[in-house]
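Undergrad: Handing you a structure now.
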Amino acid sequence: GAGVSQTPSNKVTEKGKYVELRCDPISGHTALYWYRQSLGQGPEFLIYFQGTGAADDSGLPNDRFFAVRPEGSVSTLKIQRTERGDSAVYLCASSSPGTYYEQYFGPGTRLTVT
Amino acid sequence: AQSVAQPEDQVNVAEGNPLTVKCTYSVSGNPYLFWYVQYPNRGLQFLLKYITGDNLVKGSYGFEAEFNKSQTSFHLKKPSALVSDSALYFCAVREVGNQGGKLIFGQGTELSVKP
């Protein structure tokens, strides 16, 4: 079946601009996660959705970052007033409660802020 | 606070030799433990997990990992390495009872298998 998909695969933007990153999870997966991976590092948790609600947003670095999942499926990560330090690969994952929260990852969106 | 340590940035192995990629963890309760592999320009792929039961768990592509509670370790192993195993490997932990399910990752170990 189809895996987690993310669009765009690459995004280059200028400092100060607004960006949106999209994640389409595996069909039927109720949980959705966003992580950020900087060069040479492991993924860092940003936010977790269970259904439509953000159950844990403790990893969002500041109020420039926001994410939504209005219908409990597709999610959008939104970054306002981008900074060069936001440059990273943004990973999305989804999971089903029946598999002990085994998370399946998408290919990521590489964000470059110039 | 939960944490994961992968003490080796890089592991070099000759093809056909056994390999070990090390991982230690810290959680306040019992852990769920995971290994993921990342190939260049691709997302993380799940390899195996420890939830409960037998301390030796088997996963994809011939990999296995041993959970050692007293040493708080979860080392990844394979009896005979292949060149195609060369990739970046991440260990991750989630605390049992953490309803959020967020994973804490180590910083990764690059495995290089030479012919």
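Undergrad: If I compute solvent accessible area with a 1.4 Å probe over the protein chains, what percent of it on the protein assembly as shown is carbon and sulfur? List each step's numbers first, then the result.
TA: Numbers: 5060 of 10750 Å².
Answer for the protein assembly as shown: carbon and sulfur cover 47 percent of the accessible area.
Undergrad: Using only protein heavy atoms and a 1.4 Å probe, report how much of B:D9 is accessible, in Å² to the nearest 10.
TA: 100
Undergrad: Okay, next question. How many Å² of accessible area per residue for the protein assembly as shown, probe 1.4 Å?
TA: On the way: 10750 Å² over 229 residues.
Solvent-accessible surface per residue comes out at 47 Å².
Undergrad: Restricting things to alpha carbons, find the Rg to Rh ratio for the protein assembly as shown using the Kirkwood radius for Rh.
TA: Reported Rg/Rh, Kirkwood definition of Rh: 0.97.
Undergrad: Compute accessible area for the stretch B:42-90 by itself and then with all protein chains, 1.4 Å probe, and report residues whose area falls by 20 Å² or more.
TA: B:G43, B:L44, B:F46, B:K49, B:I51, B:F90
Undergrad: Enumerate the amide H contacts of A:S87 below 5 Å, restricted to partners 5 or more residues apart or on another chain; note that Pro and chain-start residues carry no placed amide H.
TA: Correct list: A:V113.
Undergrad: What's the percent breakdown of Cα-Cα distances in the stretch B:45-115 across 10 Å bins, shortest bin first?
TA: Here the calculated profile for the stretch B:45-115 is 17, 49, 28, 5, 0.
Undergrad: Looking at the stretch A:54-114, which trypsin sites (Lys or Arg not before Pro) are in a loop (DSSP not H, G, I, E or B) and have at most 16 other Cβ atoms within 10 Å? Walk me through the intermediate numbers first.
TA: Working: sites: A:R64, A:K78, A:R81, A:R84, A:R110; in loops: A:R64, A:R81.
Those satisfying the criteria are A:R64, A:R81.
Undergrad: Additional query: For the pair B:T20 and B:Q107, what calculated FRET efficiency results from E = 1/(1 + (r/R0)^6), where r is the Cβ-Cβ distance and R0 = 22 Å, to the nearest 0.05?
TA: Details: r = 17 Å, r/R0 = 0.79.
Calculated transfer efficiency: 0.80.
Undergrad: Give, to the nearest whole percent, the P(r) tail of the stretch B:3-53 beyond 18 angstrom, counting all Cα pairs. Let's see the in-between values first.
TA: Details: 617 of 1275 pairs.
Tail fraction, whole percent: 48.
Undergrad: Can you give the convex hull volume per residue for the Cα atoms of chain A, as a whole number of Å³?
TA: It is 96 Å³ per residue.
The values are calculated or read from the model by the stated rules, or taken from the named source; none is laboratory data. Since we're looking at a predicted model, the values are computed, not measured. Don't worry about glycine lacking a Cβ; one is built from the backbone with ideal geometry, like all the others, and counts go over all protein chains shown. Areas reflect the complete protein model, heavy atoms only, side chains present, ligands, DNA and RNA absent. Shrake-Rupley method; radii C 1.70, N 1.55, O 1.52, S 1.80 Å.
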